[in-house]
Structures are given as C-alpha cells and as structure tokens.
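The values are calculated or read from the model by the stated rules, or taken from the named source; none is laboratory data. This one's a predicted model, so the numbers in the text were calculated from it and none came from an experiment. Using ideal geometry, Cβ is built from the backbone for each residue, glycine included, and neighbour counts are taken over all protein chains shown.
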Amino acid sequence: MPTLGIDLGGTFIRAAVVDAKGAIISSAKVAVFDRKPQGVVETMAQAAAEAVKKAGVKVDGCGVGAAGQIHKDSGVISVAPNLGWRNVPLGEMLKTRLGYSVKVVNDLSAAAWGELHAGAGRGAQDMLVAFVGSGVGSAIIADGRLVNGGGGVAGELGHIKVVPGGRLCGCGEHGCLEAYAGGHNLIAQTKELLASGSSRIMESLVYDDPESITPVTLEKAANMGDAGAKEIHERAAQFLALAVANQVTMLNPARLLLGGGVLTHCPGIRQRVLDGVQAWASQTSREGLLVADAELGDDSGIIGAALLAA
Ligand SMILES: [Zn+2]
C-alpha cells in the first residue's frame, strides 16, 4: 500500500503519496505561518489530506523528514533550529491527528534513503551521502541500513571540528566544518569581506546589495581573482574535501553521493571535493569507489521518508 511522505521545512511543508517503489503519485505544498508545534501539525495534516485526496488511494503510514536532531524511536524532535523547537513529541502529535502510524527521521537520513531506493544509490549496500546546502550533513548506509548512532545523530559531518576554537557555528559550538563551508556561512563570510571594504571585485558584483550574495557570487569573485573571495572559497573547499576524504577512509563506502545546493551550483567547490577524495582518501578505501551526484533533488527526502514508513 502507498505511504505518505512529509518534508517539514521552516517555510513550506510538502506532502506526497508515494508507492512502494518510491514513485510520487501525488503531492501538495502548504506554507507554514504558525511555527508553534500544534500549528505545524495542523499544516502537516492539511498538506497530507490534500495529497491523499489528489491520489485517490488509501495510505498506510506516514514518514516525516525534519531538519534537526531526532530521537530515533520516539519521534521526539530534540532540537530543530529552523523552527526554534526543543523536545517536541512530533511523532505522537501527528499520529493522534492523522490516525495512522508516523515515523520521524532526520531530513538527511530520509534523503539518503530515498536516493538509495529510488535514485542514484540504487543497488548500493554501503554508501556515504554528503550534502552541502545551507548546512552541511551526511548520512551513512552500511550493509543496506541507515546508521543512526546511539542517540540518533550519527553522520553529523557539518559539526566535525576543523578549526579548534574557530568560527561560531549555528549549533552553538566553535570551529565546525559548517561554520566555514555551509552555504549560510559562505554568505556570512562573503558579507564580512564586503563590509571590510577590501574587495573591489565583490563590490562590482553585488552593486551595494549584500542581500543578493549567494555562494555562487563567492565562487564567481574567486574565479575573477579576488584575493579575499579566493581565501574564503579555498578554505571552505579544502575543509570539505578533507572531511569527505577522511569519511571515505573511515567508512570505505562502495558509493559516494554528493548533493545539496552548494555542490550543485558551485562547480569549483564540487571539483575540489572530488579531487580531495582522490588525493586524500586512503588508496585502499577508494578502490572500486563510485562517485555520483544525488539525482532526486528536493524529492529525495519526501520519497525516503515515505519509504521508511512503509
Ligand atoms: Zn556546529
């Protein structure tokens, strides 16, 4: 029987009815206005009802992919920074509202599961998925299963330390990879560069509008020879490349999937990660390693969440 997948974002909630093979039958998207847990549950139920009505089929079970730290058995969201939540029993609340079983998982785990069964990970048993978007994260599949860790937070690539005592990260700690290489922080560092008044090239690219800066602007300035931009870009790319290469050495995946907005839209950073894996992952760990780009885009999480609930 088809299941429901829900992608819980801070701005929109997307729901889709997904068949057992991971194909989307119908979908719906509803904007989030009330970010309090009860309000979000109502919006989720609204999106779910819309998707189910469009599909015209019965569904059995619901999976939710949410950004944040999730207790793997109880469905309690310990921390969801984009919603400002702490210790919200989302699984129970949504189950009560929808009337069928609900499984809540980390959004990256959901995306990795979707890619494994319906995307670029098909056929892999041991896979590492590295995403660099506004944040940095990874998910680990070993022997065909998701590695959750004792507390459900294994694979937090973005929060490995790359500079002891370095830049403050969104997680509250200092020196995390994400603080240097996550899209959000690439933009923050580029704004700092612009504010310093030392970058003519950056000034010419943004025309007095710092809000127009994206990681693509940074890569463009670096390619044009801007010294400050090159420094930020180079540091981020090198930290990412080292981190992913070390993960490959540690886990010896058969497949490495790369995804997320920064790796998709900044070919310079993506190439540095590929080169870094070749240069720095141990030779034995990368023998037979297949590197591919995630192929389901924004749908990977919703498909994976639905399949995890099946
Ligand atoms: Zn962090």
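Data table
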| quantity | calculated |
| --- | --- |
| Close pairs from segment 159-172: first touching a residue at least 60 places away in the same chain (Cβ under 8 Å), partner more than 8 Å from the ligand (Cβ to nearest atom) and polar (S, T, N, Q), Cβ under 9 Å, at least 6 apart | I160/N246; I160/Q247; G170/N185 |
| Within segment 15-62, considering residues that are of a type in the set (S, T, N, Q) and not in a helix (DSSP H, G or I), the one nearest to P2 (Cα to Cα) | S26 |
| Residue among A237, A229, A221 that is surrounded by 15 or more Cβ atoms within 10 Å (Cβ to Cβ) and more than 26 Å from K161 (Cα to Cα) | A221 |
| Enumeration of residues in segment 170-194 that are surrounded by fewer than 21 Cβ atoms within 10 Å (Cβ to Cβ) and either near the ligand (Cβ under 10 Å from one of its atoms) or among the aromatic types (F, W, Y) (or both) | G170, C171, G172, E173, H174, G175 |
| Residue match in segment 195-210 (condition: assigned by TED's automatic domain parsing to the domain that holds L242, within 16 Å of the ligand (Cβ to nearest atom) and aliphatic (A, V, I, L, M)) | no |
| Residue list for segment 155-165, filter: more than 10 Å from the ligand (Cβ to nearest atom) and surrounded by fewer than 17 Cβ atoms within 10 Å (Cβ to Cβ) | V163, P164, G165 |
| Test: residue in segment 68-79 that is modelled with pLDDT of 90 or more, out of contact with any Lys or Arg (no Cβ under 9 Å at 6 or more places or on another chain) and of a type in the set (G, A, S) | no |
| Residues within segment 257-286 that are in contact with an Asp or Glu (Cβ under 8 Å, 6 or more places away or on another chain), among the small types (G, A, S) and without any contact (Cβ under 8 Å) to a residue 60 or more places away in the chain, tallied | 1 |
| Inter-residue pairs, beta-carbon under 8 Å, first without any contact (Cβ under 8 Å) to a residue 24 or more places away in the chain and in segment 174-198, second away from the ligand (no atom under 15 Å from the Cβ), 6+ apart | K191/P210; K191/I213; L194/M202; L194/E203; L194/V206; L194/P210; L194/I213; A195/P210 |
| Matching residues, segment 77-129, being on the phi > 0 side of the Ramachandran plot and free of Cβ contacts under 8 Å to residues at least 12 places away in the same chain | N87, G99, G123 |
| Those residues of segment 116-172 which are within 21 Å of L242 (Cβ to Cβ) and part of a helix (DSSP H, G or I), in sequence order | L157, G158, H159 |
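Matching residues to (1) in the same structural domain as L146 (by TED's automatic domain parsing); (2) within 30 Å of I213 (Cα to Cα); (3) crowded, with 17+ Cβ neighbours inside 10 Å:
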site	(1), (2), (3)
R97	no, no, no
K103	no, no, yes
N106	no, yes, yes
S134	yes, yes, yes
